[in-house]
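The values are calculated or read from the model by the stated rules, or taken from the named source; none is laboratory data. Source: prediction; values computed, not measured. All Cβ positions, glycine included, derive from the backbone under ideal geometry; neighbour counts span all protein chains shown.
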Amino acid sequence: MSEEEKERREVGAGLMEYSPENLVPFGPVHPSLKEPEYFKLILEGEKIVEVHPRIGYVHRGIERAAQDRTWVKNIYLFERICGICSFAHSLAYTEGTESLTEFQIPVRAKYLRVLIAELERIHSHLLWLGLVGYWTGFDTLFMWIWKDREHVLDLLEAITGNRVHKSFSTLGGVRKDLTPALVSKLEEETKFITERVKYYETLVHSEETLVSRTRGVGRLTKEIAERLCPVGPLLRCSGIDRDVRKEDPYAAYEFIQPEVKTSNAGDIESLLSIRLAEVTDSCRMISEALDRLPEGPVRVPFPRIIPRGDAFFHVEAPRGELFYFIRSNGTPKPERVKIRTPTLANLLTAAEMLKGRPLADVPVVLTGIDPCFGCMDRVTVIDVDKSKKWSVSGEELRVYGIEYYRRGAGKR
Amino acid sequence: MSKKRIGKALGEMFKTAMEEPVTVKYPFGAVIVAERFRGKLDVDPIRCTGCGVCEIVCPAGVITMVPVGKRSIGQREIEVKKPVFDLYTCISCGQCVEDCRFGALALTNKFELAVFDKGSLIMKKALKVVQ
Amino acid sequence: MIEEELSAMAAELSGKLSRVRKSFVLQVSPEKVKDACQHVSQLDGYYHLSTVTGADMGDKISVMYHFWKGKEFVTVEADVPKSDRHLPSISSELPSALLYEAEVKDLLGVVFDGNPLMGTRLLLPDIYPEDAPPPLTKEADPEKIRKMMELE
Amino acid sequence: MQLLQLLVFPGLTFFVWIAFAFEWLERKTAARMQGRVGPMIAGPFGLLQPVADFLKLASKEQIIPKHSEKFVLTWGPPLYFAAPAIGIIFIPVIGNESIIGHPLDLLFVLFVLAFSTLMASLLGYSAAGRYSTIAVGRLVVQYTSYEIPLILSVISPAILAGNLSLGGIVSAQSNYWFILSAPIGFAVFIIASLAELEKPPFDIPSAKTEIVGGWMTDFSGNALAYVKLTKNLSYVFLSALAVTLFLGGPNGPVLFHQIILQYVMNTIYFMVKLFSVGFLIFVVKTALARIRIDQAAELFWTILTPLSLAQLGLVILLR
Amino acid sequence: MTLKDWARKKSIWVFDVNAASCNGCDIEILDAFTPRYDVERIGVVLVPSPRHADVLLVTGTVNAMMKDRLKTIYEQMSEPKYVVAVGACALGGGVYKGCYNVGHGVDKVIPVNLYIPGCPPRPEAIIFGILKLVTGEPPDPKEEE
C-alpha cells in the first residue's frame, strides 16, 4: 500500500477540525439511508437548525438516455429508475405513450395493471413501515413486517416473473395473464395481509416507545402543504384530499375507486395510519378487481413509431403523484421525456418538518416522507425560511471520510 | 384507538417464538422458484439463425453479433453472424425472447450465477454451430 | 369555465391558448411567465404545481410549467432562445418551484433570475466538466462527457 | 489455588465463556421471536458464533485513525475490558463467599460500573470522529440520568442485609429473596441495567440509524473485538449483580450434605438465575423501540428516581 | 484448517454501499437479513461502519459522485477485505450502459472478488454468492467452451 493510500485511509473517518456550528453529516452512505444521499445538518446541541440536502449521488442521466433509445427499450430503462415503485414508472410511461395514439388497450390489461400497481403499493408501504421500525430501533417490527411482505413479493414473482423489476406493463397491454391458480392465491394472500395489517395498526398506535417517537413529530400544516405542494400520503396527512387515482383516473381506476383517507395531524403517526389504511384499501381493490375482471386478450400489437404530440401523464405511485411529460416527434425515439418523481416534490416539505427537531428524529422524519432517491436523482440545498442566508459551495472539509460539504456564496 | 402500553408486542413475540420459523432452508436445501421466474438467458444454437433482431431490441446492450464465417446464397456471398451474450450485464427482461421469431432464446429459472471471474459469464454457445 | 378564464388570460397576456386532448397549453413570452403562473395558480382555488420541464427544441429551449387540478393540466409554456437562456424565477411566489427550476438549470442551462439555487450545482456531479454543454441539450454527447469525467 | 480460581473457575475464563453464551442467547432469542432461525452453522445450534466473531475480529488488521489519540486507542480497550472483568470476580458463585471477598466490595462494584462508562466515553472521544463525539455526549447524558436510580436501587438490598459486602447480602437472603421486599428496586435495577448496557430502548449512544456505529464507529480489528467482548461481559456482570442482590445469589434448597456436591448445586442455581435474568433483559430489549435521549433523561429523573426513593423508604420501614 | 480460517468462514460482516443503483439490489440485500432468508444463520451480520466489515457489497453503476467515495470506503476497511459486486449495474452498467454519468462496472474502481449477476439477484443468489466467496470454490469453467 502506498503512503498516499495509507494517509487517506487513516484520515478517513476521523474528524479534521470543528466548524463554528456543530455540523453533522447524514450520508451519503449512512445506515438509515438505503441509498446515498447527503444531508448537511447544522445542530445546536442536539437540535437541528438547518438542513441542507445535496442530491445527485444517484444521478445516472436517464432522461438523456431515453432520448437516444427506442420507445420499447425505454420501458425497461424507466422501470429501473427505482427498485421500489418500478411498476408505477412503467405504468406511467406506457399509459402516457398509449394516450398519444388512437389504439384501444384491452380492458383486461387495464385491470391487470391496476392489480399489479396495488400489489406494488402494498409492498412499498409495508417496506416503509418496516423501515420505520428499523429507524426507531424496533427491529422486531421490521422483521415481522418484512416477513409478511414476502407474501406480496411471492405473488409479484408468480404473476410477473420477478420480485422487483416486474417488466409487466408494455406498449399495448401487459405481458402475462392470470391463471386460476394465481387468482385463488391472490385472494388468499390479500386476506392474510388485511389480517396482519389490522394487528400492526393496533401495535403502532399503542406501543408506547414507538408512539413517543412518532406522535407529534414533524408537524405539517395545511398552509405549508399548500405552499410547498408535497404529494401522496404526505399531502394527505396535512388534511388535503388529493389522489390521482380518484381525481384523474387512469388504467381501470374509473371502475375500481380508491377510498382516500386524510388526517389533520400532519405528523409521522398520521402518516403511519394513512399508509396502513391504504394497504387495507389496496387489498380491497385487488379483490374487487378480481371479481370484475373481464375476459379477453391482454395485449394488442403496437406500432414502434408513435405519432407526433405531447402527453402529460401522471399516476399515483406509492409515494404520491408521479409525473411524466412525453413529447414525440414521430420517430422511433422520443424527443423528450421528463420525469418528476414524488420524492423531489416532498423533499422541501421534509426539510421544513425537520427544523427545530432533535437529531434523533432525523431518520424518522427524513425517511418519513418515504424518500426514493433512486427516483429523484436531482436537486440540492434547500432552506425554506426566507430570513436565513443561503450557503453553498467552497470545499472545506471531508466528513465521515466520504463527503465534502459546501457552503458560502449565493444570497436570498 | 387502543390504549398506550409498554411492551405491547410481547404477546405476539412469544406466539412467533412458538411457531416454526419461516426461514427457507436454502443453502442447505432446495429452493422453489416461481414458474414464470426470469432467470439466466439461454440460447439454442441450432435454432439461432443469426438474424440480429435480439441485438437491436436489447435494452442493456448484452448482445453483440460477431462474424463467424461466410455463406453463399446463389451467387452472393454473405457474412454469417452469431450472437455473443455478455450475461453479466443482462437484466433478464425477456424482450429478446419475445422478439425472437425462431424461438432460439429462452429464460431459464437458474439464478445461482455468482462467479469469481466476470469473463465466465460471457456466453459464446451460439458461435459453435455454423451451417 | 376554466377554458374561458384561460382564454381571457391569454388575451390579457398576449399569449396563445391551445388544447392538447384534455389539457390546456398557454404560450406566453418569457417576460410574462411570472404573471401567467401566478394567475394560473390562483385559478379556481388550489392549483398544484406539478413540475417545470425544459426541452431542447433545436434553436430554442421551451420551458413548461405544469399545473394540475382535477382532470386537466394547465401548462404555461415559454420559449427561450439558446443564445440568451434567461427566465424570471417564480420561486418567490411558488416556493415549490425552487427545486424544479434548479433542475432545469442544471440539465439545460436555463438561468432563472431570482432563484437562490442558481449559484450552485444541484444534480450534476462535482466533476462534471465546465466546458461541456448541459447534458440534455442536443449538442451534448454522452460518450464524450463520460470520457471527460474519466468514468471509463 | 486462589489464583487458579480467579483465572479459571469461577473466575475470568468461566465468565468469558458465559459472556459468549449470553451473546448467543441474545441473538437466538431475538431471532426466534422475530420468526427467524438465528446463528446456525458455527458449532451446534450456532453456539460458537460469538467465538467465531471474536476470533475473526481479533485476527483482523487494526486501523487507528490519524487524528485520534493513539495512546488511548491502543491501551484503552484492555483497560475497558478490565472493568467488568475485575468486578465480576467479586460475585459469589459457588457459595456465600466470593473468591476475594471484602467487607465493602459493593462499593467497589459500583465504582467499576461507573469506570466502565467513563472508559467508553474516553475511548469514543479519543477516536475523534463526528459520530463518536455525538455518541459520547449522549453517553454522558444517559450516564448522569441512570446512575442515581441505579445506585439507589442497589442500596435497598444493602440496607435489608445490613451489610455492604456481596457475600453478606447473599447470606442474608438464605431465607427469603430480597426481590420480595424490594420488587420496585429490582425493576429499577433492570431498567437502569438496560441503559448501562446500551440496549433498546436505551441504545441511544449506539443507535446505528442515527449515528452510525455510535462511539465504536472508528474501531476495528482487535480493539473492536475487545470492546464487543467487554459489552457482553458487562451483560453477564450486571445480570450476576441482579442475581446476587435480589435473587439470593447461589442460594437454593440444600440437597446434599457433601460440601462438593452442594457447591455444584449452588453453581447450578446461580446459573439458572443468571440466565433467567439475562433472558428477561433480552425479551424486554426485543419488545421495545428506541426512545430519544431527552425522553430517557425524563424517564429516569421524573419516574425512576422517585420510585427508587420510595422503595428505599419502604425498605427502611421494613427494617 | 486453522482456527483463524474457521473463524473467518463462520463470521462474515458485511457493509452495503449503494453506488448509484436503483436500490432494487439494496432491498434484496436487506431482504436477505429478514426472516424469510435470514443470513444470520450462516454468520452474516450487517454492520453500520465500513471499519467493522469484512465484505463490501457494492450495488449500482458507480457514477462520478460515488466513485471517490467508494474508493475511500474501500480503503477504510481493515484487512482482510473482500468486495462483492451485486447486480447487473455493478457488473457492467446494466440497463444504464452508455448514460453520461455511469461507469461500466465496479471493477474499474476497486478490485472485485466476486460477481453476482441478476437484475436484481434473488436473495438466494446473494446467499449463494456469499457462501461461494467464503468457501472459495475454484473459478467455474467457462460456459461450455
Going by the conditions given, is B:F85 at pLDDT below 85, among the aromatic types (F, W, Y) and buried (at least 19 other Cβ atoms within 10 Å of the Cβ)? no
Is it the case, given these coordinates, that A:P20 is more than 9 Å from chain E (Cβ to nearest Cβ), assigned to a strand (DSSP E or B) and at pLDDT below 70? no
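To keep it simple, each residue is scored yes or no on (1) touching a Gly at 6+ places or on another chain (Cβ under 8 Å); (2) hydroxyl-bearing (S, T, Y); (3) more than 7 Å from every other protein chain (Cβ to nearest Cβ).
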{"position": "B:F28", "(1), (2), (3)": "no, no, yes"}
{"position": "B:D42", "(1), (2), (3)": "no, no, yes"}
{"position": "B:I46", "(1), (2), (3)": "no, no, yes"}
{"position": "B:C58", "(1), (2), (3)": "no, no, yes"}
{"position": "B:V97", "(1), (2), (3)": "no, no, yes"}
{"position": "B:S120", "(1), (2), (3)": "no, yes, no"}
{"position": "B:K125", "(1), (2), (3)": "no, no, no"}
Which number in (1) in a loop (DSSP other than H, G, I, E, B); (2) without any contact (Cβ under 8 Å) to a residue 24 or more places away in the chain marks the one condition that D:A289 misses? (2)
Scanning the range E:1-18 for residues that are at the interface with another protein chain (Cβ under 7 Å from one of its Cβ atoms) and either touching a strand residue (DSSP E or B) at 6+ places or on another chain (Cβ under 8 Å) or buried (at least 24 other Cβ atoms within 10 Å of the Cβ) (or both) gives E:S11, E:V17, E:N18
Of everything in the range E:77-120, what is at the interface with chain B (Cβ under 8 Å from one of its Cβ atoms), more than 19 Å from E:I12 (Cβ to Cβ) and of a type in the set (V, I, T)? Give them in sequence order. E:V95
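Report yes if C:E77 is touching a residue at least 24 places away in the same chain (Cβ under 8 Å) and either of a type in the set (F, W, Y) or not in a loop (DSSP other than H, G, I, E, B) (or both), otherwise no.
It is true that C:E77 is touching a residue at least 24 places away in the same chain (Cβ under 8 Å) and either of a type in the set (F, W, Y) or not in a loop (DSSP other than H, G, I, E, B) (or both).
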Qualifying positions in the range B:42-77 - touching a residue at least 24 places away in the same chain (Cβ under 8 Å), in a strand (DSSP E or B) and among the aliphatic types (A, V, I, L, M): B:V43, B:I63, B:V66, B:V68
Any residue in the range A:333-348 that is within 10 Å of chain C (Cβ to nearest Cβ), under 26 Å from A:V132 (Cβ atoms) and assigned to a loop (DSSP other than H, G, I, E, B)? yes
Considering only the range A:223-240, state which residues are free of Cβ contacts under 8 Å to residues at least 40 places away in the same chain and either closer than 30 Å to B:K8 by Cβ or within 10 Å of chain C (Cβ to nearest Cβ) (or both). A:E226, A:R227, A:R236, A:C237, A:S238, A:G239, A:I240
Sort out which residues of the range D:22-31 are away from chain A (no Cβ under 11 Å), over 18 Å from D:L224 (Cβ atoms) and free of Cβ contacts under 8 Å to residues at least 24 places away in the same chain, and write them in order of number. D:K28
More than 9 Å from every other protein chain (Cβ to nearest Cβ), part of a helix (DSSP H, G or I) and modelled with pLDDT of 85 or more - does that describe any residue in the range B:105-112? no
Selection from the range D:127-144 of residues that are in contact (Cβ under 8 Å) with a residue 60 or more places away in the chain and touching a Leu at 6+ places or on another chain (Cβ under 8 Å): D:A127, D:A128, D:G129, D:I134
Report, by residue number, each residue of the range E:53-92 that is surrounded by fewer than 24 Cβ atoms within 10 Å (Cβ to Cβ) and in contact with a Ser or Thr (Cβ under 7 Å, 6 or more places away or on another chain). E:S78
Being surrounded by fewer than 24 Cβ atoms within 10 Å (Cβ to Cβ), of a type in the set (F, W, Y) and within 12 Å of chain A (Cβ to nearest Cβ) is true for just one of D:F275, D:F256, D:F282. Which residue is that? D:F282
Restrict the check to the range A:330-353 and report whether at least one residue is free of Cβ contacts under 8 Å to residues at least 60 places away in the same chain, more than 30 Å from D:F202 (Cα to Cα) and either among the aromatic types (F, W, Y) or surrounded by fewer than 24 Cβ atoms within 10 Å (Cβ to Cβ) (or both). yes
